Each structure stands twice: as structure tokens, then as C-alpha cells.
Amino acid sequence: MTPGTISAQITDYANRADPYPLYAELRKQPVRREDDGTYLVSTYYEVRSLANDPRLSNDTSNRLPGHARVGRPVESGLPPSFIFTDPPVHDRLRDTINRPFGPPHSPRFLDGLRGELAKVVTELLDAFDGKDQVDIVEDFAYPLPVTAICKVLGVPREDEPRFHVWADALASSLDPGSGDDGGAERAQRARRDIGAYLTDLIETKRRHPGPGMLSALAPEMTPADLEATAVLLLVAGHETIVNAITNTTLTLLRHPDVLHRLQEEPVLAARLIEEVLRYEPPVQFVPWTTALADIDVAGTTIPKGSPVWLMLAAANRDPRRFDDPDRFDPDRKDNEHLGFYTGIHYCFGAPLARIELHVAVPELFRRVTFSRLLEDPPPYRANAVLRGPRHLPVAIEGLAA
């Protein structure tokens with residue numbers, strides 16, 4: 001990225017707490033070419049159209065020489081996970097992975113996790129007792145998703161702490177602004193460590209099957225494909241939900257009138273959660289797509305081989321699609337947001353994410369009496385793609401049974 005371009009501003013940490021003015025500037029030109037040949041698409045209908053266009057590839061090896069291959073796994077000798085492939089490879093892998101995960105093959109798998117996740121939420125909130133301040137990220141938003149994804153994969157619970165460092169390092173490889181600050185080296189080290197761990201675990205599951213997707217998929221996939229899939233689910237399955245829970249908490253604390261409504265009307269939770277996914281999506285943009293042919297969009301031709309960034313968060317606030325889009329409105333009608341993307345790459349984990357949010361958010365605000373935010377804006381993660389607070393310190397006044 002060229003310093004001074006709008007893509008450089010978006011990835012600049014100085015704008016992490018509030019990138020939305022930049023997105024508004026972007027929408028003045030639905031398709032914008034950056035100095036390095038990257039095309040940024042920021043308006044709702046154009047983003048949605050391209051995300052469903054087979055001429056746009058998720059395999060960044062299709063890019064012209066000289067362009068960064070954001071999203072490609074760090075050097076590991078493994079194939080890319082299915083999110084970075086195109087049909088027919090993508091369709092074959094995703095269909096295989098979906099069989100033990102949800103309908104129509106395993107319709108009760110995810111719903112069966114509700115009770116266990118509710119117990120985890122209760123335990124986490126019980127630990128707030130006697131405290132006058134907590135960090136929503138470390139004390140609540142992180143532990144729940146990591147427990148959930150480890151349960152889904154079949155990872156022993158005692159190994160969960162090891163995943164925090166790995167996932168955080170690997171997530172940096174999705175960020176086009178991570179630069180040369182040691183992030184690539186950390187990602188490579190994490191990839192080696194998690195690779196060694198998963199190789200042993202998958203072999204164990206192959207010989208001694210147990211609950212979880214790793215056991216179910218071990219006979220169906222090559223070890224390399226299964227390992228690549230497990231890494232993707234680890235990162236996407238908890239990094240994004242940590243952000244979603246934290247963004248929801250922060251948004252509600254900034255809108256006490258809506259918070260009061262939620263406490264009085266628990267049925268508001270479903271609409272409220274969808275509005276947060278529009279208003280503060282955990283994945284801000286998708287920077288790893290590439291044009292497979294010349295594509296005409298909103299009067300601009302994106303040349304074959306060009307990198308394309310689909311700006312989901314900008315599209316979610318497009319006034320051509322959403323009335324008064326900068327207003328947080330849980331009563332919003334026809335809220336067909338792009339918080340979980342769209343098309344064949346629609347978020348694989350969206351059903352699990354919604355379950356976690358519906359279990360966590362109402363109970364958090366039912367039981368905890370919040371006093372105030374201790375930092376606003378809070379410190380954010382470095383990652384511009386997976387955007388969310390790194391810490392969310394809040395003062396609390398009490399805890400209900």
C-alpha cells in the first residue's frame with residue numbers, strides 16, 4: 001500500500017477506533033483504484049454483486065505478480081483452507097466439512113451445544129461476583145468462543161489456553177496492513193506449533209474416534225486438508241466471535257436506552273444482534289479476492305488479475321440500502337446486512353456464531369449491572385480486518401443470581 005492512500009488510512013491503527021468516516025469517503029466512488037492497482041468496492045449492491053460473481057476468485061494465486069497474497073497460509077506445505085479456494089474444490093471441501101457440522105446431515109449438532117455454552121456463560125459471570133470492574137474481552141468474550149470451537153473440533157479442554165496465542169498470531173496473516181513488524185514471523189511460528197499439535201491430535205482421532213468434527217472428518221479428508229480446515233475454524237471460529245460479543249457490549253453501553261429496552265424486552269435480542277452485525281461487523285472487509293477477468297462495476301473496469309477488497313463494513317452503512325445507516329436501530333426493517341458476507345463464501349460458522357451471541361448477550365445484561373465504560377474508545381486490536389477491542393474495561397455495580 002502507498003502511504004497516504006485510503007487503504008493505508010484504513011489499515012492505519014490511528015483510525016481503528018472509528019474507520020466509518022473513511023468508509024463514507026470511499027462510498028463517494030463505489031469502485032476506487034489505489035496507486036498499487038488494488039480496487040476497493042464499498043457500496044452495498046456492488047459488494048453484494050461481486051461477492052456472488054464467479055469471475056471473482058478467493059484464490060490469491062490468481063493475482064498478477066507483485067501483489068500481496070493476503071489470506072494465503074504462511075509457508076507450511078499445506079493446501080489452502082476452503083475459504084481461499086474456488087469451485088469445484090471449494091464446493092467439495094465445504095460440503096464435506098458441513099456434514100458433521102449442521103443440517104441436513106447433523107441437524108442437532110449445534111443446537112445440542114446450547115446447554116453446555118449456557119453453563120460456561122454462567123461460570124464466567126459467576127466469577128464477576130465481588131468485583132467492581134472487569135475486562136469484557138479477557139473475562140467473558142474470549143473464553144466462551146474458544147470453549148465452543150474446541151468443543152466443535154473435539155479439542156481437549158485442557159489444551160484450550162494454547163489456542164489463544166496461536167489464533168491471535170494466525171489472524172494477523174489476514175490483515176493487509178500487518179507490515180513487517182514481526183507479525184509474519186509470529187504467524188509462521190504459530191503455524192508450525194499448531195501444525196505439530198493438530199497432526200498428533202488428528203492421528204489420535206483417526207485411531208480413537210470421539211466427539212467433534214476432527215473425528216468425524218478424519219476418514220473423509222486427507223490429513224493436510226483436515227489440518228488446514230482445523231486452523232481456519234480455530235481462527236474464524238473464535239476471533240470473530242470475540243469481536244462480535246465485545247462490539248455488542250460496547251455498542252449497548254454506548255446506547256443505554258437500547259440496553260434498558262433489552263433488559264425489559266428480552267425478545268429484542270434477536271433483532272439487536274443482527275443490527276450490531278450490520279453496525280459494527282466483526283469482519284470489516286475481505287481483502288483476498290481477485291478478478292479472474294475484466295469486470296465492469298459501477299462505470300469502472302477492474303482488470304483481470306487485480307486485487308479487490310470488498311468493504312463489508314462500508315456497504316453495511318450505505319444510505320442507498322439502509323435508512324439513516326449511521327444510527328444504531330434494533331427495530332430496523334429488512335436488515336439484510338453483510339456482517340457474515342454473502343454468496344458461496346457466506347460465513348461457514350454463522351449458525352454457531354448466532355447461537356453463542358444469543359446465549360451470551362441477554363444473560364450478560366440480565367445479570368450484570370454496569371456502571372460505566374472505563375475507556376472510551378477502548379484499545380483496539382491491531383488487525384484492521386478482524387476489528388474489535390483488545391480490552392474492554394468496565395465498572396460494574398452488581399451481579400444478579
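The values are calculated or read from the model by the stated rules, or taken from the named source; none is laboratory data. Bear in mind the structure is a predicted one, so any value in this text is a computation, not a measurement. Backbone-built Cβ (ideal geometry, glycine too); neighbour counts: all protein chains shown. Only protein heavy atoms, including side chains, enter the accessible area calculation; ligands, DNA and RNA are left aside. Shrake-Rupley method; radii C 1.70, N 1.55, O 1.52, S 1.80 Å.
At a glance:
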read-out: Dipole magnitude (debye, nearest 20) for the chain, charges at Cβ of Lys, Arg, Asp, Glu; value: 740 debye
read-out: Accessible surface ranking that places the most exposed of Lys205, Lys28, Lys151 first, with a 1.4 angstrom probe; value: Lys28, Lys151, Lys205
read-out: GNM flexibility winner over the chain from Ser42, Ser172, Ser106 (Cα, springs under 10 Å); value: Ser106
read-out: Peptides 250-258, 156-164, 370-378, 136-144 ordered by average Cβ neighbours within 10 Å, highest first; value: 136-144, 250-258, 370-378, 156-164
read-out: Cα-based shape type of region 110-180, given that a ≥ b ≥ c are square roots of the gyration tensor eigenvalues and the cut on a/c is 1.5; value: oblate
read-out: Nearest-10 value in Å² for the accessible area of Cys347, using the 1.4 Å probe; value: 50 Å²
read-out: Interchain or long-range residues, amide H under 5 Å from Val308's placed H; value: Tyr39, Thr289, Thr290, Ala291
read-out: Nonlocal amide H pairs with Arg390, under 5 Å, H built at 1.01 Å; value: Tyr380, Arg381
read-out: 26 Å Cα-Cα reach of Lys28 towards lysines, excluding residues that sit fewer than 8 places from it in its own chain; value: Lys304, Lys333
read-out: Accessible surface of the chain [probe 1.4 Å, protein heavy atoms]: carbon and sulfur percent; value: 51 percent
read-out: Per residue, in Å², the accessible surface of the chain once ligands and nucleic acids are set aside, probe 1.4 Å; value: 42 Å²
read-out: Label assignment, Cα extents along the principal axes in Å derived from the structure, set (1) 76, 47, 40; (2) 60, 56, 41; (3) 67, 50, 41; value: (2)
read-out: Qualifying lysines (Cα of each under 20 Å from Cα of Lys205; at least 8 residues distant if same chain); value: Lys151
